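Novice: Mind looking over this structure? Questions follow.
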Amino acid sequence: MVLGVKHIIILLLVFSALGVSAVERPNILIILTDDQGTIDANCYGSTDLRTPNIDRLAATGVRFTQAYAHTVCCPARAALMTGRHPQRGGVHHWTQGDMNGPDGINMALEEVTLGEALKTAGYRTALFGKWHLGAHRDFGPKKQGFDEFFGIRDGFIDNYNHYFLHGSGFHDLYDGIKPVKAPGKYFPELMVQRSLKFIMQNKDRPFLLYVPFNIPHYPEQALKQFETRYKDIAAPARRSYAAIVSTTDHYIGQIVDKLEALDLRENTAIIFMSDNGHSEETGNRIRVENHRSGYPKGHFYGASGGGSTGKWIGQKGSFLEGGVRVPAIISYPAKLPKGKVRGEIITAMDWFPTVLDLCGVQQPSNAPKLDGHSVLPLIRSAKAKSKYKILHFAWGKKWAVREGDWKLIGSNGNTKVSLRNLVDAKPEAKEYAKAKPEIVQRLRTLHSDWVKEVSPK
């Protein structure tokens, strides 16, 4: 986007009114990992994982211990990108995967993404990695605020041949909507190299760089150096998972190192989060002959199931804490505290308003209502309280609502529900639905009211 003198003057006036100089505007780097478990980083208490780069983000920033994304990939990404419940933009089930396949669900173009908000304010914007909000050529990152996009439009690929492996498979590596053929090249390496190039090219102007990794998501194809590092872990599942987590950490480190080398680190706000809990999808295999990837029938590409949730139970795909509670950190050395921990509730929806606050950018006039809240008050004061009294999640027919320490989990069309408590000695392990009918009814009503409120009109 080319800005004229008039637009630049307007932007300067806006930033001045908000107390942020256009010259001082921070760069924004958002790192989203894929299927990284609730406590799967050394700074979250893991004793067998080595994650020095995630740990240094925590040491130079604020680490959240009650952060929520979602139960699977698509809704977490919609929440992060829009600051809104995914249902508002039509992301209520799996989005279209193959750009060249049948039309499916794609996030509504009416949704205003963080890319659009910052691009309008003069930022250069890029997304290198995993989109997964609808692959249709008339939708996607470059239609919603990102100047550059390189990566996968759907949910996962084999990291070397770049084929989606469920079903009969399809190729899924694009520069915008142009297919990229690079067999044998490791996708995380490709996306990080694009990220480093982007940082170098934009070092003298404010930028938004969104790096949604496709790892540690299966297939767990770790770098060999990390497979060797964990060879002495007894459990094969944990060994495989640890190697791919450290591979992810390694690439995070490359991006942070580049910022430091260019003297950009102090004025770059880095947000780190996982999209959901660890995966227990351990049965994934090629189930057809002549799969488009070239892999034979029976080839295993599933998760190891080696993630960790600490005292919590659950995993990706569930609304138990192990499915939706994730690691989250913000590090902005020039302006925010360092080495702090906050236990108040935050969600993926909060990063949108938080980034606007940090950048001194007003919410676009055409932007719809936000559901998230800026976390800056929580960051700046340990006494500040979360604005969330109730949490809502929904995906497909399944849903959950949390109020205080109680969480109700249900499914549309099924009268049976599950009521769990988060402060039991073994959180969420005991079923309370029959014993607490009054709580069940109150939470049911809260959910019903929320559905009416977020469903597109």
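The values are calculated or read from the model by the stated rules, or taken from the named source; none is laboratory data. Computed from a predicted structure; not experimentally measured. As a convention, Cβ positions derive from the backbone with ideal geometry for all residues, glycine included, and neighbour counts pool all protein chains shown.
Novice: Answer with yes or no whether L127 is within 17 Å of the chain's Cα centre (by Cα), buried (at least 24 other Cβ atoms within 10 Å of the Cβ) and assigned to a loop (DSSP other than H, G, I, E, B).
Specialist: Details: within 17 Å of the chain's Cα centre (by Cα): yes; buried (at least 24 other Cβ atoms within 10 Å of the Cβ): yes; assigned to a loop (DSSP other than H, G, I, E, B): no.
No.
Here's the yes/no breakdown for (1) in contact with a Gly (Cβ under 6 Å, 6 or more places away or on another chain); (2) under 29 Å from I286 (Cα atoms); (3) of a type in the set (A, V, I, L, M, F, W, C):
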| residue | (1), (2), (3) |
| --- | --- |
| F187 | no, yes, yes |
| S195 | no, no, no |
| Y210 | no, no, no |
| K224 | no, yes, no |
| K231 | no, yes, no |
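Novice: Among the residues of the stretch 182-195, is any of a type in the set (A, V, I, L, M), surrounded by fewer than 18 Cβ atoms within 10 Å (Cβ to Cβ) and over 23 Å from K130 (Cα atoms)? Even if it seems obvious, please write down each step before you answer.
Specialist: First, pick out the residues of the stretch 182-195 that are of a type in the set (A, V, I, L, M): 182, 190-192.
Imposing the further condition that a residue be surrounded by fewer than 18 Cβ atoms within 10 Å (Cβ to Cβ) reduces the set to 182.
Narrowing the set further to residues that are over 23 Å from K130 (Cα atoms) leaves none.
Looking for residues that are of a type in the set (A, V, I, L, M), surrounded by fewer than 18 Cβ atoms within 10 Å (Cβ to Cβ) and over 23 Å from K130 (Cα atoms), one finds none in the stretch 182-195, hence no.
Novice: Continuing with this model, one more query. Which of the following residues is part of a loop (DSSP other than H, G, I, E, B) and of a type in the set (K, R): K407, K452, K383, K416? Steps first, please.
Specialist: Details: K407 fails: part of a loop (DSSP other than H, G, I, E, B); K452 fails: part of a loop (DSSP other than H, G, I, E, B); K416 fails: part of a loop (DSSP other than H, G, I, E, B).
On inspection, the qualifying residue turns out to be K383.
Novice: For the stretch 43-59, check the following and say yes or no: at least one residue is within 17 Å of the chain's Cα centre (by Cα) and among the hydroxyl-bearing types (S, T, Y).
Specialist: Checked the stretch 43-59: no residue is within 17 Å of the chain's Cα centre (by Cα) and among the hydroxyl-bearing types (S, T, Y).
Novice: In the stretch 432-449, which residues are more than 30 Å from the chain's Cα centre (by Cα) and either among the polar types (S, T, N, Q) or assigned to a loop (DSSP other than H, G, I, E, B) (or both)?
Specialist: At the first step, the residues of the stretch 432-449 found to be more than 30 Å from the chain's Cα centre (by Cα) are 432-442.
Answer for the stretch 432-449, where residues must be more than 30 Å from the chain's Cα centre (by Cα) and either among the polar types (S, T, N, Q) or assigned to a loop (DSSP other than H, G, I, E, B) (or both): Y432, A433, K434, A435, K436, Q441.
Novice: Count, please, the residues in the stretch 308-341 that happen to be under 19 Å from the mean Cα position of the chain (by Cα) and either of a type outside the set (G, A, S) or closer than 26 Å to L208 by Cβ (or both). First the steps, then the outcome.
Specialist: Of the residues in the stretch 308-341, the ones under 19 Å from the mean Cα position of the chain (by Cα) are 308-309, 314-332.
Okay, now just the ones that are also either of a type outside the set (G, A, S) or closer than 26 Å to L208 by Cβ (or both), so 309, 315-316, 319-321, 324-332.
Qualifying residue count, the stretch 308-341: 15.
Novice: In the stretch 219-228, is there at least one residue being over 25 Å from S308 (Cβ atoms), β-branched (V, I, T) and not in a loop (DSSP other than H, G, I, E, B)?
Specialist: Our first condition is that a residue be over 25 Å from S308 (Cβ atoms); within the stretch 219-228, this holds for none.
Scanning the stretch 219-228 turns up no residue that is over 25 Å from S308 (Cβ atoms), β-branched (V, I, T) and not in a loop (DSSP other than H, G, I, E, B).
Novice: Scan the stretch 132-143 residue by residue and report those that are in contact with a Gly (Cβ under 6 Å, 6 or more places away or on another chain) and crowded, with 24+ Cβ neighbours inside 10 Å.
Specialist: Once the filter is applied, which keeps residues that are in contact with a Gly (Cβ under 6 Å, 6 or more places away or on another chain) and crowded, with 24+ Cβ neighbours inside 10 Å, the stretch 132-143 yields H132, A135.
Novice: Hey, another quick one. H392: in contact (Cβ under 8 Å) with a residue 24 or more places away in the chain and part of a helix (DSSP H, G or I), yes or no? Spell out how you get there, then give the answer.
Specialist: Details: in contact (Cβ under 8 Å) with a residue 24 or more places away in the chain: yes; part of a helix (DSSP H, G or I): no.
When the stated conditions are applied, H392 does not pass them.
Novice: Next up: Return the pair list, or none, for Cβ contacts closer than 9 Å from residues in the stretch 167-193 that are in contact (Cβ under 8 Å) with a residue 12 or more places away in the chain and under 23 Å from K297 (Cβ atoms) to residues that are surrounded by 20 or more Cβ atoms within 10 Å (Cβ to Cβ) and of a type in the set (V, I, T), at least 6 apart or on different chains.
Specialist: Once the first residue is in contact (Cβ under 8 Å) with a residue 12 or more places away in the chain and under 23 Å from K297 (Cβ atoms) and sits in the stretch 167-193, its partners that are surrounded by 20 or more Cβ atoms within 10 Å (Cβ to Cβ) and of a type in the set (V, I, T) give G169/I286; H171/I157; D172/I152; D172/I157.
Novice: Determine which member of the set T65, T71, T82 is crowded, with 24+ Cβ neighbours inside 10 Å, out of contact with any Pro (no Cβ under 6 Å at 6 or more places or on another chain) and within 21 Å of G314 (Cβ to Cβ).
Specialist: T71
Novice: Give the stretch 35-62 a look and list any residue that's touching a helix residue (DSSP H, G or I) at 6+ places or on another chain (Cβ under 8 Å), polar (S, T, N, Q) and surrounded by fewer than 24 Cβ atoms within 10 Å (Cβ to Cβ), or say none.
Specialist: Matches in the stretch 35-62: N42, N53.
Novice: Is there a residue being of a type in the set (D, E) and over 30 Å from D405 (Cβ atoms) anywhere in the stretch 269-288? Write out each step before concluding.
Specialist: So the first thing to find is which residues in the stretch 269-288 are of a type in the set (D, E), and the list is 275, 280-281.
The next check asks that each one be over 30 Å from D405 (Cβ atoms); those that pass are none.
No, that holds for no residue.
Novice: Suppose we filter the stretch 193-217 for residues that are within 18 Å of R265 (Cα to Cα) and part of a strand (DSSP E or B); how many remain?
Specialist: 5
Novice: While we're on this one: Test G155 against the criterion of being touching a helix residue (DSSP H, G or I) at 6+ places or on another chain (Cβ under 8 Å), closer than 27 Å to N290 by Cβ and at pLDDT 95 or above, and give yes or no.
Specialist: Details: touching a helix residue (DSSP H, G or I) at 6+ places or on another chain (Cβ under 8 Å): yes; closer than 27 Å to N290 by Cβ: yes; at pLDDT 95 or above: yes.
Yes.
Novice: Which one is nearest to I28 (Cα to Cα), of the residues in the stretch 349-380 that are of a type in the set (D, E, K, R) and assigned to a loop (DSSP other than H, G, I, E, B)? Explain how you work it out, then say what you get.
Specialist: Step one: filter the stretch 349-380 for residues of a type in the set (D, E, K, R), giving 350, 357, 369, 371, 380.
In the following step, the residues that additionally are assigned to a loop (DSSP other than H, G, I, E, B) were identified as 369, 371.
Numbers: K369: 22, D371: 21 Å.
Applying the filter and picking the extreme gives D371.
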